[in-house]
């Protein structure tokens with residue numbers, strides 16, 4: 001029973017971080033608003049992108065929820081920038 005509770009809490013944290021990161025990225029990259037579900041998806045995808053890109057650049061932000069939000073926001077900005085480039089092409 002303890003494992004399922006931990007999994008649910010982890011999932012809720014991932015969704016919360018994704019939503020905040022997607023929303024912040026939408027504010028940074030003007031003209032992008034995807035609603036709550038879109039922000040969650042953009043934020044989660046951004047976290048994966050940041051996990052691939054930032055360590056290769058030698059950037060480390062730290063640990064904790066605030067660091068996860070910053071990390072995911074940076075990745076989400078990259079994703080939104082790439083979406084903008086693809087739409088213009």
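Measure nothing but the geometry: give the 0 to 90° angle between the long axis through the Cα atoms of 35-53 and the longest principal axis through the Cα atoms of the chain, rounded to 10°.
Between the helix axis and the principal axis of the chain, the angle is about 90 degrees.
Treating the angle as unsigned and between 0 and 90°, give the value, to the nearest 10°, between the Cα long axis of helix 65-88 and the longest Cα principal axis of the chain.
30
Once R0 is set to 35 Å, what does the formula 1/(1 + (r/R0)^6) return for the Cβ-Cβ distance between residue 61 and residue 5, expressed as a FRET efficiency to the nearest 0.05? Present the calculation step by step, with values, prior to reporting the outcome.
Values: r = 28 Å, r/R0 = 0.80.
Rounded to the nearest 0.05, the efficiency is 0.80.
For helix 2-28, report the angle its Cα long axis makes with the longest principal axis of the Cα atoms of the chain; keep it between 0 and 90° and round to the nearest 10°.
20
If each residue of separation counts as 0.36 nm, what is the full-extension length gain between residue 16 and residue 85 once their alpha-carbon separation is subtracted?
Values: separation 69, 0.36 × 69 = 24.84 nm, distance 2.73 nm.
Length gained between residue 16 and residue 85: 22.1 nm.
Rounded to whole Å, give me the distance from the Cα center of the range 50-89 to that of the range 10-43.
12
Assign one of three labels to the chain, namely rounded, prolate or oblate, based on the Cα gyration tensor with a ≥ b ≥ c the square roots of its eigenvalues; rounded applies when a/c is under 1.5, prolate when it is not and a/b is larger than b/c, and oblate otherwise. Intermediate values should be presented prior to the final figure.
On the way: a/c = 2.33, a/b = 1.47, b/c = 1.59.
Here the chain falls in the oblate category.
Quick check: residue separation of residue 53 and residue 30 times 0.36 nm, minus the Cα distance between them. What number comes out in nm?
Details: separation 23, 0.36 × 23 = 8.28 nm, distance 2.25 nm.
Extra length available between residue 53 and residue 30 comes to 6.0 nm.
Each value in this text was obtained by applying a stated rule to the coordinates, not by laboratory testing. Predicted model only: the values in this text are computed from it and were never measured. Using ideal geometry, Cβ is built from the backbone for each residue, glycine included, and neighbour counts are taken over all protein chains shown.
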